[in-house]
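**Student:** Please find one structure pasted underneath; my questions will follow.
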Amino acid sequence: MRMGMRVLGVVGSGAFLLGGAAAPGFALAPEADLAYHGYVSLAAGTVDVRFTPQNHGPTAVSDATVRLRWSAPLADVQWLPKQCARSGERTVVCRTGALAADGLGEEIGVTVRLVGVPSEVTLEIDTVWGGGAVDRNHANDRQRVLALDTGDSYLF
């Protein structure tokens, strides 16, 4: 073997490089820690959700997608903000926009009408896409909140 020659070894279905720099395409994904904090309220079949996305870092993300899923079906007609879209009978997804490391995003407000007038609704919030970053702490980007039909705000 000549000096300076790199040796490529195969282990299982992966490959590794010995004696040289890391091969392109084998870099670790950046890491971010996304979180959502806000409130939800329910009154007469209308749910109001306001929350601020946050990235605890260490890497900024250019955009992320958050999913809002209700325990009751949504009415057929909804007026959603431009960064949000309906993705199912009970689900809306929203883009967060860019999130700096250790930074706050813009507040996102979503108001939806439910089918009928339930006495309570559960809202589940979670990250669908983290801008290509890995989030190892799901304790703060997965929320589940019960809102009673009182008009009161329930914090998360």
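Values quoted throughout were computed directly from the atomic coordinates according to the rules given, and no laboratory measurement underlies them. What you are looking at is a predicted structure, and each value in this text was computed from that prediction instead of being measured. Reconstructed Cβ throughout: ideal geometry from the backbone, glycine too, with neighbour counts over all protein chains shown.
**Student:** Select from segment 63-140 those trypsin sites (Lys or Arg not before Pro) which occupy a DSSP coil region and have at most 15 other Cβ atoms within 10 Å, ordered by residue number.
**Tutor:** Taking segment 63-140 and a limit of 15 other Cβ atoms within 10 Å, the loop trypsin sites (Lys or Arg not before Pro) found are Lys82, Arg136.
**Student:** What does the convex hull of the alpha-carbon atoms of segment 71-156 project to on average, in nm²?
**Tutor:** Mean shadow area of the hull around the Cα atoms is 6.5 nm².
**Student:** What order, most packed first, do the peptides 53-59, 102-108 have when packing is the mean number of other Cβ atoms within 10 Å of each residue?
**Tutor:** Peptide ranking by packing, descending: 53-59, 102-108.
**Student:** Where in segment 127-153 is the amide nitrogen less than 19 Å from a point lying 7 Å along the Cα-to-Cβ axis of Thr111?
**Tutor:** Counting only backbone N, you get 147-153.
**Student:** Rg (Å, one decimal) plus Dmax (Å, integer) for the alpha carbons of segment 53-105?
**Tutor:** So, for segment 53-105, Rg and Dmax equal 13.4, 40 Å respectively.
**Student:** For the peptides 36-44, 142-150, what is the packing order when you average, over each peptide's residues, the other Cβ atoms within 10 Å and list the highest mean first?
**Tutor:** Top of the packing list down: 36-44, 142-150.
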